[in-house]
Structures are given as C-alpha cells and as structure tokens.
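In what follows, a structure is listed as structure tokens, so that the remarks can point back to it.
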Amino acid sequence: MKILVTGGAGFIGSAVIRRALDQGIDVVNFDKLTYAANLDNLAGYDERKGYAFVKADICDAGAVRAALESHQPDAVMHLAAESHVDRSIDGPGAFIETNIVGTFTLLQECRRYYEALSVERKNLFRFHHVSTDEVYGTLGAAGLFTEETPYRPNSPYSASKASSDFLARAWHETFRLPVVTSNCSNNYGPYQFPEKLIPVVVIAALEGKRIPVYGKGENIRDWLFVEDHADALLTVLRQGLLGETYNIGGCNERRNIDLVRLICGLMDEMAPKNHPHEDLIEFVKDRPGHDLRYAIDATKIERELGWRPAVTVEEGMRQTVRWYLDNQTWWEKLRSRAGGRLGLG
C-alpha cells in the first residue's frame, strides 16, 4: 500500500508517516513547508526506501496532479491545514486559502486521478479527510460531541475546517469520490510546534518564565496523545466505511488550569527549581470566542473499527514533558517562528 499524506512534515502528519513506515506502508509526504512544518520530525525515516518527499502547495493544482500521476498512491490522507486558532483571529485569510481553497483543489485533482484508475484500483482507493472537533462549536458542562452533532464553528479556524468537511462530503455524494472523514480532539505529544499550549508551558517552566493561562483556565479539552491519533487515522484509512465520519477522542477531559498544574508537577520532578513551578502561573487576557468545552464521544470508532485510545493523559504528559526536556535543540530552532502572543483580536 502507498499513501500520499498532505502536511506530512507537521505534528500529526509526521506521526502518521512514522507509524505507517513502521507498518510497511509506503508514503509520499506532500508538504509546502510552512512555518510550523519541520522535516526534522522525520529524521531517520526520510532515508527509508518506502519514503518520498514532494515540496508543494495543495493550492497548486498542477503540483498535486503531478504528484498523484508520478507516485500513483492507493490512498490520500489530507492533513495539511493552518491550525492555530490564535493565528486565525489575527490573519484569517491564510486559513480560508489553505483549508478551504486547498481542500477544494486537492479534491478536484484526486477526483481526476480516481476517475482514470482501473476498476480494480478504484475499488481500493480512498480519500481520508482529517478534521477537528472544533467544527462542532462549544459544549456546556455536560454532553459529548457525536458524529451527528450539528456544526457550529466559532473561530475562523474552525469555520474553515467545517467548510473543508462539507466539501469532502459533497465530493463523495456528488462525484462518488470514495471519502472517509475523521474529527479529532486536542492532540499533544512529542514534536508539537512550540506555539501550542503544552510546549509553551513546558518551555516557560524550564526557563523560569511566567506560564500564561487564558482567562481563568476553566476551558475544558479532551486530550488525545498524538501516537494514539496516528494509530486511529490509519485504522480509519484501512477500515472506515466510505461516506462515514468517525470522531477520535482521547477520553481524557481536563480543565486547562488542571493540565497546566499537572505539567508543573512533572517539571518539579524532572527539572526541579528552588520553588514550585506552579508559582509561575499567570492568568492572562482570554482570546475572543474561546470555546468553553470540547469532549468527544468515541463510541462509534470503538464499536465499528475496534479502536480506542491506549495512553492516559497522565502517561502521555509524562512522556511529552520528558521529550521536550531531552530535545531542547529541536524546539530551540523553531521557537523564533512561533513569535509572541497572538489572537488578541
């Protein structure tokens, strides 16, 4: 099997590629290499026989077509996206271009490619569209997002991803492109770009700087270890029913403040200072439209495909903190790209 992965130099995409290559699947990594991409995420794997890299933009129809015709993949997993909510507040245009126009371009070229395949290869081909639980909007204190939850995106990022989900659905229904979709909860783990919450907390704690927590830290997220997510994505790619959507969650809900305190406790253990790291926590101005709570009901993927998360948030956070402490060279090279606080409106 050969898959073309868009955004394969990113956080989740590189985890998928590492796991796929370990399982004997050939991979074409199609990535524009924007600020958050990093080919170091694939160090060692990029030398394997089954790996190929194409530097190109999903908005470039000619480049997409050339990659498909040259590499002849059996499936496409679409992960390329602008993903940082704060950036979408300051500069929504890039999110419209990449997440909506790019997805449209990719669907059109995959449709062209698919229609030219033999009957036998058509029966094997599929397009896996990877999305987020943020398309559903926000939850109150109770309830879970299911695959039937109505879309109510509240940020430019989630609105652009909701649009891409609807495009993928339409290309399946109208043009019979064999599409399967997944929507995941918040990912964390090694190789996450240092503008995201968890690496921000670890790095600030390590350097003895203030640890920023938005608002009162009461926003709740369901945390999914990235290696669990990569395993789920390959499961959906292989076994998911065409036209269906699968919610992928970590079953690990935490308030942001509780998560930050968990990380501070791990830092007290692994990189102790003369005061508790929790003393560094500073509550800062919240971002506009900050959704209160996300939580995934992952019953469907467990019932139909037999997948469930293997890593608890306590186990995963311990692994993640340890990785950032052991790989300072990796994130030091990237932190200047992250810049300062974004998304203040």
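FYI, it's all coordinate maths here, none of it is from the lab. On a predicted model such as this, the values are computed, not experimentally measured, just so you know. Here Cβ is always computed from backbone atoms with ideal geometry, including for glycine, and neighbour counts include all displayed protein chains.
Looking at this model, which pairs from LYS209/LYS285; LYS196/LYS285; LYS273/LYS333; LYS196/LYS333; LYS2/LYS49 are more than 19 angstrom apart at the alpha-carbon?
Check vs 19 Å cut-off fails for LYS273/LYS333.
Between ASN183 and residues 5 or more places away or on another chain, which pairs have amide H atoms under 5 Å apart, with H built 1.01 Å from N, and which residues are they?
SER131, TYR246, ASN247, ILE248
Find the all-direction average of the projected area of the Cα convex hull for the stretch 174-289, expressing the result in square nanometres with one decimal place.
Details: hull surface 37.5 nm².
Over every viewing direction, the Cα hull of the stretch 174-289 projects on average to 9.4 nm².
How far apart, in nm, are the 7 Å Cα→Cβ label points at TYR35 and PHE166?
2.8 nm
Using only helices, what value at 222 nm comes out for the chain when you add -39,500 (n - 2.57) per DSSP H run of length 4 or more and divide by the total residues, to the nearest 500 deg cm²/dmol?
Dividing the helical sum by the residues of the chain leaves -12000 deg cm²/dmol.
What ³J(HN,Hα) values, in whole Hz, does the Karplus curve 6.51 cos²θ - 1.76 cosθ + 1.60 give for the stretch 26-31 when θ = phi - 60°, with x put for Gly and Pro?
Karplus values, whole Hz, x for Gly and Pro: 6, 9, 10, 8, 10, 8.
Tell me, what is the FRET efficiency for ARG48 and LEU124 to the nearest 0.05, using R0 = 30 angstrom and their Cβ-Cβ distance as r?
Values: r = 23 Å, r/R0 = 0.76.
My answer for the efficiency is 0.85.
Each residue of the stretch 139-154 in turn: what ³J(HN,Hα) in whole Hz from Karplus with 6.51, -1.76, 1.60 and θ = phi - 60°, glycine and Pro shown as x?
Working through the residues one at a time gives 9, x, 5, 10, x, 9, 6, 10, 5, 9, 4, x, 6, 8, x, 10 Hz.
In Å³ and rounded to a whole number, note down the convex hull volume per residue for the Cα atoms of the stretch 170-237.
In the stretch 170-237, the Cα hull volume divided by residue count equals 128 Å³.
Place a label point 7 angstrom from the Cα of GLN23 along the Cα-to-Cβ direction, then list the residues of the stretch 161-185 whose backbone nitrogen is under 17 Å away.
180-184
If you take the C-alpha gyration tensor of the stretch 284-336, multiply each eigenvalue by 5 and take the square root, what semi-axes do you get, largest first, in whole Å?
Largest first, the stretch 284-336 gives 29, 22, 11 Å.
Kindly provide the pair-distance distribution of the chain built from C-alpha pairs, with 20 Å bins from 0 and whole-percent values in order of increasing distance.
Spelled out bin by bin, the chain gives 31, 60, 9, 0 percent.
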